[in-house]
Amino acid sequence: MTRLRQLLPFALFALAMVATQGLLRALEMEYCLTQLTMALYYAIVVIGLCLVMGYAGQVSLGHGAFFAIGGYTSAVLTTHDFSRFKAAGWAGGLKQLHVFVGQQDLFGNQIMTVSPWAAFFAAMLLTLVVATLIGYPALRLKGHYLAMATLGFGLIVNKTVLGTAAFGAADGINGVPEWTLAPGLTICGKSAARVSNYYIAATLVLALLLLLRNLLHSRVGRALQAIHDRETAANAMGIDTAAYKLRAFVLSALLAALAGVFFTHYTAGIGPSEAGALKSVRYVALAAAGGMANLWGVTVMSTGLNYLSLRGLFGSYDHAVFGVILILIISIAPDGPLKPLGKWMGGLASRLRPEGRREHGAA
Amino acid sequence: MDAGNLTLQYLLSGITKGSIYAVVAIGFNLIYSATGVLNFAQGEFVMLGGMVAVTLAHFVPLPVAVAGAVVIVALVGCLLEVLFFRKLRHHSVLHLIIITIGLSIVIQEAALHIWDEKVRSLPYFTGNEISSIKLFGAAISPQVIWVLATVAVTVAALHVFLKFTLPGRAMRACSSNPEAAMLAGINIPNMRTLSFGLSAALGALAGCVISPITMTHYESGAPLAIKGFAAAIVGGLGNPMAAVLGGLLVGVLEAFSVSRLPAAYNDVSAFAILLLVLFVRPHGLFGRPGGEAVREH
Amino acid sequence: MALLEVENVRRSFGGLVAVDKTTFQVAPGQIKAIIGPNGAGKTTLFNIISGLLRPDSGRVTFHSRPVTGLKPYQIARLGLSRTFQNPSLFLRMNVLENVMVGRHSRSRWGFAGCCLRWPGQPREERNIRDTAMAQLDYVGLAPLAHCPAGALAFGQRRMVELARALATEPTLLLLDEPASGLNTKEKEDLGQLIRKIRDRGVTVLLVEHDMKLVMDLADDIVVLHYGIPIAEGPPSVIQSDPKVISVYLGGEVQADSAGGELSAKWSQSP
Ligand SMILES: Nc1ncnc2c1ncn2[C@@H]1O[C@H](COP(=O)(O)OP(=O)(O)OP(=O)(O)O)[C@@H](O)[C@H]1O
Ligand SMILES: [Mg+2]
């Protein structure tokens, strides 16, 4: 029974997703699904950030870098021509295993690239390694120091991508092939696949939310919150605080990279700005806007705001909007605007109720 | 040019940039010790200083424009403290970080809309781009002399201010022992505002003198802030004078990495130094390890 | 065979020597107390024993295993649990969840298992909840299980912290000034509770300023003065120890009346 009640928000979310699509179809605005799909992928990064910042209490100003590491790994591997290894025995073996696949490039030449699935696993593996290498020393730092370390890491990734020809420098990488997850389920930007891609993204977000909800309502989630509140007391209670912080950080980096891979296949490319400090800061702004330690708030706020931003609603004030969001939320409602809103509505409801009862009595 | 000359040239350019990082680092330190806020918007003061001075220079003589820019930006700094940090003092480190980042973005975007995305610069204070002074066989632009002299004088003046004047000592007292400072009748909120104003003024001055060399652009503040922070960390956060050494070190290392690495990776080396120092000696190269550097609440 | 052995431990902060030449043992099943004036180094000693601070020299042995240099969580897993002088509850959680954190070292599912609710994990979660609830009941706070931890009164926070420490199933429990901030009635209840805990087989080492409570409870007392132990023994001996009396009362009082004076003086102190 309680389990059912816990699952209710998930059902509502799924319903809302379906309703949105239906509404957009009825309004003949299904083209909006493209930006909504992208916003959902970005939301995954913010959800991961919510785990590290909201629950474990560790700042990260470098999550854009993990998104980029995922996206770029996928993009490079699936577009780079490995034909010169064709003769080598290991390449043949990998081809047998469908790690390498034959393909046509933009100019119609036959090339051999890594398959999207293999590239996906490579991206996740690389992220795992990088996040561990950065997280291990960085998470021993606190507060401002951790913030600067993660910011510095993000900038290193950003500048490296910008300065390297193999990553397309300032142009990024284009022509990333589509990714067939299963027969009939292909991640690509074709308008025919718009609806199915929207549902792929929505399902992915929903599944990840479910997994994280389970995680947060377990001994692991409590351990993370304990670390956030009082690290020494948590340690004295038997929690290996360093290991837990690192695992939470790596998990959230993996979520960012996962989003990066999907996003890159969906938009058929990725650019260096994805690793930029402004992107990383924007994720933090969105997490703050959603209330940090609030999976649903973070999902709704980040999908909504990113959607509006991608539709170009904020025009040339795009960055400024997110800066203002950061300032306003922290100075007015540091727990996010949803909590005070909920309280206000609760207050309103309780103020209305006695009146309702009085009316009943009168009737 | 022979190798020795080239080295000297790199060294000079490193010291020039490094002295600017040093000023930014001192700005970080001033605010950090007085308020506990690490002001991510520190670089924006430098950018604003340059921008305001460029605009004022259209109407008034250069020295007046520079002085005007310093005063205006200092007022902006004070205003930020009063508007945003007075009420927020009891907020968590995370909140303070976020709010200064938000300010940094908003200031940048405001600059973009007030001016535009064009690169501008102040005229050379004396001479022009091609005039140079020969020193030990290296060609030095007179503006470099301006930068170094300005930074040297400012740092010395600041040192005297903090050490020997009443408000300076009061400011230091607030950071080392706020309770005692309060009991001694020092108005701590005012000291905090003063630290923001002073720090902004320093940044603006640096922004003016460096503008002819590196140009000013609405986005030019953020990288300076990060390198300035690297300098502050290398020197040991909370120690304004060690920040000068930190700044010079970061500047020189960056200049020499340019000679080894492709220009595109220019900043990468500076950030890599930052990470290395943070991971290995978070208390700075010159500081002593203490719980404080790593443990914050 | 002693459960805990502290051997010649020393710790300084900058120039200040907080603990020095400290040697004592805690036998299983004992209630042992550490007393001493403010700043004597009691909390520092607790921090060293529980691994939050490293001693400059000396060693600590728990269950015949050297634990100096181990991390606090490793020591906690060996069966040592503690409370803090300033109650340090996890304020983002409710009371029950706070106590459930105490079950951390007695449960095992990790990130992956918890994400996926792997078979067995939900059952473990229920066990954690039930055991934590039982501990709350034990200290008499079961009705407050679902209160936010931040909403509790000071005395209640101490009790939740005690329940959280007990939830780890310790063999040795360190209590840092458990009675400070409690009223007379609460102090009495606390005394009984500590005895009950000892009777359960948990050894107790406590720091306390309330002399009446200490003299009632403790089997054995160590007196610290400027970080150095100056006396050790059962309450009757400590009460009449001239060195202890001179430390607290300036040596002007007659030995035989000192016990009463000591309790009178110390029960006033906060
Ligand atoms: N982290 C620290 N850094 C510097 N000095 C410390 C630190 N912790 C404790 N001290 C100093 O060590 C001495 C012993 O402190 P401690 O807290 O152990 O005393 P205590 O016996 O617990 O006192 P109280 O009865 O007030 O709790 C004090 O002088 C204190 O100022
Ligand atoms: Mg103490």
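Side notes on the structure shown:
One line per residue, one yes/no per condition, for (1) in contact (Cβ under 8 Å) with a residue 24 or more places away in the chain; (2) closer than 30 Å to A:Thr2 by Cα; (3) over 16 Å from the mean Cα position of the chain (by Cα):
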residue: C:Phe46; (1), (2), (3): yes, no, no
residue: C:Ile49; (1), (2), (3): yes, no, no
residue: C:Arg65; (1), (2), (3): no, no, yes
residue: C:Val101; (1), (2), (3): yes, yes, yes
residue: C:Arg108; (1), (2), (3): no, yes, yes
residue: C:Arg126; (1), (2), (3): no, yes, yes
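- When the residues of segment A:151-176 are filtered to those that are among the β-branched types (Val, Ile, Thr) and away from chain B (no Cβ under 11 Å), the one that is nearest to A:Val130 (Cα to Cα) is A:Ile173.
- Highlighted here are the helices (runs of 4 or more DSSP H) found entirely within segment A:123-232 that include at least 3 residues which are surrounded by fewer than 19 Cβ atoms within 10 Å (Cβ to Cβ): A:194-216.
- Hits in segment C:172-189 (condition: within 14 Å of chain A (Cβ to nearest Cβ) and within 16 Å of ligand 2 (Cβ to nearest atom)): C:Leu174, C:Leu175, C:Asp176
- Residue list for segment B:68-84, filter: more than 13 Å from every other protein chain (Cβ to nearest Cβ) and hydrophobic (A, V, I, L, M, F, W, C): B:Ala69, B:Val70, B:Val71, B:Ile72, B:Val73, B:Ala74, B:Leu75, B:Val76, B:Cys78, B:Leu79
- Residues that are farther than 19 Å from A:Val176 by Cα and modelled with pLDDT under 95, drawn from segment A:243-282: A:Gly276, A:Ala277, A:Leu278, A:Lys279, A:Ser280, A:Val281, A:Arg282
- Enumeration of residues in segment C:190-221 that are among the acidic types (Asp, Glu) and within 16 Å of ligand 2 (Cβ to nearest atom): C:Glu208, C:Asp210
- Considering residues of segment A:233-276 that are in a loop (DSSP other than H, G, I, E, B) and more than 30 Å from A:Leu36 (Cα to Cα) only, the residue nearest to the other protein chains (Cβ to nearest Cβ): A:Gly238
- Restricting attention to segment C:48-84, the residues that are within 16 Å of ligand 1 (Cβ to nearest atom) and at the interface with chain A (Cβ under 9 Å from one of its Cβ atoms) add up to 6.
Quick grid of which residues meet (1) within 24 Å of B:Ala222 (Cβ to Cβ); (2) exposed (fewer than 13 other Cβ atoms within 10 Å of the Cβ):
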{"residue": "B:Lys87", "(1), (2)": "no, yes"}
{"residue": "B:Val119", "(1), (2)": "yes, yes"}
{"residue": "B:Gln143", "(1), (2)": "yes, no"}
{"residue": "B:Ala156", "(1), (2)": "no, yes"}
{"residue": "B:Lys163", "(1), (2)": "no, yes"}
{"residue": "B:Leu166", "(1), (2)": "no, yes"}
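- Condition check for B:Leu261: of a type in the set (A, V, I, L, M, F, W, C) and in contact (Cβ under 8 Å) with a residue 60 or more places away in the chain: no
- Test: residue in segment B:203-214 that is touching a residue at least 24 places away in the same chain (Cβ under 8 Å), on the phi < 0 side of the Ramachandran plot and over 15 Å from the mean Cα position of the chain (by Cα): yes
- Checked against the criterion of being within 9 Å of another protein chain (Cβ to nearest Cβ) and touching a Ser or Thr at 6+ places or on another chain (Cβ under 9 Å), the candidates A:Ala131, A:Ala119, A:Ala147 yield just one match: A:Ala147.
- Scanning segment A:277-298 for residues that are within 14 Å of chain B (Cβ to nearest Cβ) and either part of a loop (DSSP other than H, G, I, E, B) or without any contact (Cβ under 8 Å) to a residue 40 or more places away in the chain (or both) returns A:Gly290, A:Gly291, A:Met292, A:Ala293.
- Residue satisfying condition, being under 27 Å from A:Lys190 (Cα atoms), in contact with a His (Cβ under 9 Å, 6 or more places away or on another chain) and hydrophobic (A, V, I, L, M, F, W, C), within set A:Val59, A:Val114, A:Val52, A:Val101: A:Val114
- In summary, helices (runs of 4 or more DSSP H) completely within segment B:169-286 and bearing 3 or more residues that are more than 14 Å from chain A (Cβ to nearest Cβ) and either at pLDDT 90 or above or surrounded by fewer than 22 Cβ atoms within 10 Å (Cβ to Cβ) (or both) occur at B:178-183, B:188-214, B:240-260.
- With respect to being at pLDDT below 90, surrounded by 22 or more Cβ atoms within 10 Å (Cβ to Cβ) and within 11 Å of chain A (Cβ to nearest Cβ), B:Ile97 fits the description.
- Exactly one residue out of A:Val161, A:Val176 is in contact with a Gly (Cβ under 7 Å, 6 or more places away or on another chain) and at pLDDT 90 or above: that is A:Val176.
- Considering residues of segment C:20-39 that are under 16 Å from the mean Cα position of the chain (by Cα) and small (Gly, Ala, Ser) only, the residue nearest to C:Gly201 (Cα to Cα): C:Gly29
- Verdict on A:Gly361 being modelled with pLDDT under 90 and in a loop (DSSP other than H, G, I, E, B): no
- C:Arg82 meets each of the listed conditions (1) in contact (Cβ under 8 Å) with a residue 12 or more places away in the chain; (2) under 17 Å from the mean Cα position of the chain (by Cα); (3) more than 30 Å from A:Leu51 (Cβ to Cβ) apart from (3).
- For segment C:65-88, filtered to residues that are of a type in the set (S, T, N, Q) and farther than 15 Å from C:Val204 by Cα, the residue that is nearest to ligand 2 (Cβ to nearest atom) is C:Gln85.
- Counted residues, segment C:35-61 - those being surrounded by fewer than 18 Cβ atoms within 10 Å (Cβ to Cβ), of a type outside the set (Gly, Ala, Ser) and either within 11 Å of ligand 2 (Cβ to nearest atom) or closer than 19 Å to C:Thr83 by Cβ (or both): 2
- If you go through segment C:91-100 and keep only what is at the interface with another protein chain (Cβ under 8 Å from one of its Cβ atoms) and either within 16 Å of ligand 1 (Cβ to nearest atom) or at pLDDT 95 or above (or both), you end up with C:Glu97, C:Met100.
The values are calculated or read from the model by the stated rules, or taken from the named source; none is laboratory data. Everything quoted here is computed from the prediction, not taken from an experiment. So basically every Cβ, Gly included, is an ideal-geometry build from the backbone, and we count neighbours across all protein chains shown.
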